[in-house]
Each structure stands twice: as C-alpha cells, then as structure tokens.
1. Do any residues in segment 9-20 that are in contact (Cβ under 8 Å) with a residue 40 or more places away in the chain have Cβ atoms under 7 Å from those of residues that are part of a helix (DSSP H, G or I) and β-branched (Val, Ile, Thr), where the two are at least six apart or on different chains, and which pairs are they?
2. Under 8 Å by Cβ, and 6 or more places apart or on different chains, what pairs join a residue from segment 282-308 that is under 26 Å from LEU118 (Cβ atoms) and open to solvent by less than 20 Å² (accessible area, probe 1.4 Å) with one that is modelled with pLDDT of 75 or more and not in a helix (DSSP H, G or I)?
3. Pick out, from segment 201-278, the helices (runs of 4 or more DSSP H) lying fully within it that include 1 or more residues that are at pLDDT below 90, under 20 Å from the mean Cα position of the chain (by Cα) and exposed (fewer than 15 other Cβ atoms within 10 Å of the Cβ).
4. Regarding segment 47-61, can at least one residue be identified that is under 21 Å from the mean Cα position of the chain (by Cα) and either without any contact (Cβ under 8 Å) to a residue 12 or more places away in the chain or assigned to a loop (DSSP other than H, G, I, E, B) (or both)?
5. Only one of these is of a type in the set (Lys, Arg) and out of contact with any Lys or Arg (no Cβ under 8 Å at 6 or more places or on another chain): ARG15, ARG51. Name it.
6. Could you please let me know if VAL41 is in contact with a Gly (Cβ under 9 Å, 6 or more places away or on another chain) and not in a loop (DSSP other than H, G, I, E, B)?
7. When the residues of segment 45-59 are narrowed to those that are of a type outside the set (Gly, Ala, Ser) and under 16 Å from CYS78 (Cα atoms), which ends up surrounded by the fewest Cβ atoms within 10 Å (Cβ to Cβ)?
8. The conditions are (1) under 21 Å from the mean Cα position of the chain (by Cα); (2) surrounded by fewer than 17 Cβ atoms within 10 Å (Cβ to Cβ), and PHE20 fails exactly one of them. Which is it?
Amino acid sequence: MSCETSTAGLAEFLRAHFGFLEQLCTRAGTDRWGIANEEIVAALFRSATYRFGSPLPAVDELETYLQSLHLEDMALVCALQKGSEPAWEEFVSRYRPILYGAARAIVGSGGEERARELADSLYAELYGLSGAGGARRQALLDYFHGRSKLATWLRAVLAQRHVDALRVARRTESIGDEESLENDRGAQRPAAAAARSGTDAGDAGDPDRARLLPQFRQALAAALAALAPGQRLLLSLYYVQQLTLAQVARLRGAHEATISRQMEGIRRGLRQNVERALASASSGPHGRVGLSPAEIELCFSYALDDWAFDLGSALSSSPFSSGSSEDG
C-alpha cells in the first residue's frame, strides 16, 4: 500500500467525497505522524480500488466500506512508509511483543529461538529492502489495505511465512524423490502473493487457500448450526439484514450495550469452536489429525477478504425463533 500513488481517479474521488474524507482523516489521526491528509486519502482510494475495482460503487456502499477500515493503523503504515522514526519506534514498541507472541503460538513446539527468528525476519521485509541497482522493492506494508487490524494482518503474514518455510523444508527433504518433486512443482508462492495473505481473494494459485478454506467452511457451518436460535437471529439481523446495533436493540427490547456484549460473546464463541474443530479434524491422505496453529490462523486470514460464504443460508439452515430468550 505505497503512499506515493498517482491514480487518475484520485482527484475525482477526492472531489466527490471531500467532506466525508476530511472526517476520516481526522479519525485516522494524521496530525500525530505529520502525515498530509492527501496521503491518507490516497491510501483510502487504493484500498477501495483494490476492494471494488473500477468504477467504484455508489456513495452509500463506498462510504460504508471506508468507515469500516482501521484508519489509525492505515495512518501508522503511511508514516512507516515515509520512514518516520517516531512511527517505527511506535511500531517496535507496540507490535514486537505481538509478533513474538504470535510466532510462539505458530511455531509451537519449534522452540523460542525459532519463534524469535520467524518474528525478526519480518522487519526487513516490512521496511522493504533495496533490490538490484538500489531500486526499492515493494514492501510487505504495501499490501496492507486497512480491512483488518494491523496486528491481525501481521499474524497472518507470520503464519504464511511459517507454512512456506515448512513447505521448503519438505521439498528439500524429498529432493531425491522425483514423484514428490513433480507433485510439489510450482507450490511456492511469490513473496508478494504471500504478503497478501488474508487480503487477496483472487490468488487461485495459492495451494494453502485451496486446501484450507473447504475445511474452514465446514467448521464454520457446523459452529453456526450449533448456535442457539436467539444467537443465530442476532447474527442474521446484524450481518445479513445489516441492521445497526441500535436497530437490533430496539427490535429485541434491549439496551444497545447489551446487544453489543452479546454479539461479542457470540463471535468469541464461534471462533473458539471453529479453532477447536480445525485443530481436531482429520485431514490429508494419511489421516493427519488437526491443522497446526499456523494453518488455523491462515484459515481466518483467508476468510477476511471476499470469501464466498453464504452466511444467510448457513444461519437459516434451521428455523429462527424470534420469541427465543436472548443468549450469550
């Protein structure tokens, strides 16, 4: 997500949404990092173009999307890309512990040393090293579009890096096995594609995506089916019918804060149940039991972006009961 873009449609984007974009820039906290509003606007335009393509959708749909972005994280990324020392100090202070913790969870029994190696290897890539002739290579941060939290995106990149490393190790071990080499040919993803983990729904050549998403779909459908009717109704009202929390609260005769707490409890429970199912499920031709923590993290990151899952159908697979007691 380079903040130095010069897209033909940017001027029209700014003109058409000037007042709204000013509000988003204020929310992003551009003053904190000394970033010009134009830089955040350019980042917002790239994110929207990445999401919708050209032309952009109608005003209501576009502004709903832009409001959903993690604006403060986008501002920090823009500052990082400009080489802001305070921004990098903030990044190291806030995200290094997160990266170490995520790496330990991903590596598991691989050990503390391997976890630190995995986390530390990300820093040079995030900054973007110079290529041949001093030309700047595209940094991993160029692929952050603000659709998930920066911490979530970083965990997904770490998980992909770990899975890629395991695949390389398997290829090396089977170097003398012609059949294994043939089956694995072309399995390595380009570095730029790996960076888009969790954000690029169009990478049909990603073997992990093709393998993991069907398992994730099955686990999520089962977790949704196991919810109580009242919980399923809340999810349907909010995500399928797209009512606001205030509207759902009025329909349910409850306070908005109560509905918010219930929704958070449902989401947390769903994630735990899906993780548990994926960790224990049988997979692979040899019946290997369970996905690794890295693979589970990848499942969630893939599902963040344009994944074709019909939530409405999944929630309506058994009848709702609007008179049910509130759950969670």
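The values are calculated or read from the model by the stated rules, or taken from the named source; none is laboratory data. Computed from a predicted structure; not experimentally measured. With ideal geometry, Cβ positions are generated from the backbone for all residues, glycine too; neighbour counts draw on all protein chains shown. Calculation scope for accessible area: heavy atoms of the full protein, side chains included, ligands and nucleic acids excluded. Shrake-Rupley method; radii C 1.70, N 1.55, O 1.52, S 1.80 Å.
1. No pair meets every condition.
2. SER283/GLY290; SER283/LEU291; CYS299/LEU291; SER301/SER148; ASP305/ARG147
3. 207-225
4. yes
5. Just a single option satisfies the conditions, and that option is ARG15.
6. Taking the combined requirement at face value, the residue does not satisfy it.
7. Per the stated criteria, the residue is ARG46.
8. The failed condition is (1).
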